[in-house]
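Chemist: This is the structure, below, for whatever I ask next.
Each reported figure results from applying straightforward, stated rules to the coordinates on display, with no laboratory input. All of these numbers come straight from a predicted model, not from anything done at the bench. Every residue, glycine among them, receives a Cβ derived from its backbone with ideal geometry; neighbour counts consider all protein chains shown.
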Amino acid sequence: MDLKNLTVFNLAHQNMRYLSARQKVLAENIANAATPNYLPKDVAKPSFLGNLEENRVSLPLRVTNAKHFSELKSEAEKRDARGFEVYTPQTKDALTIDGNGVILEDQMNEASKASSEYNRMVTIYNAYKNMISTATTKITG
């Protein structure tokens, strides 16, 4: 029985993939805390509900000439290896003298939150897996 076919397992699995990708980006931010002109990145949280969410029509921007809107990246450039959108958030704080925008305390706090949420997803995943295992176990007596 493939558990990913069940909605609760599929959602937990997708969320764990997102959290893993986010942990990787946060770790890169922490590793580059002393790199000149480095700006921290983050991963956009995708909608895990997909078609269950409101039916919205979205028209993506398209660059017709390479010189127009050069700051717009292609969809492939904005995504990491796992398919999540990686972006540079607007910085609220001043950059360091060498142009670095990483604030270690904030990055460590976000990494801790992502780790806690990942552990919560693993707990939910295992709890439902154990319930299904118990429900499908043959009672011998």
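Chemist: Residue by residue through the range 107-141, note down the ones that are assigned to a helix (DSSP H, G or I) and charged (D, E, K, R).
Modeler: Listed by number, the residues that qualify are GLU110, LYS113, GLU117, ARG120, LYS129.
Chemist: If only one of ILE103, ILE132, ILE124, ILE97 is surrounded by 12 or more Cβ atoms within 10 Å (Cβ to Cβ) and within 18 Å of THR35 (Cβ to Cβ), which one is it?
Modeler: Answer to the selection: ILE103.
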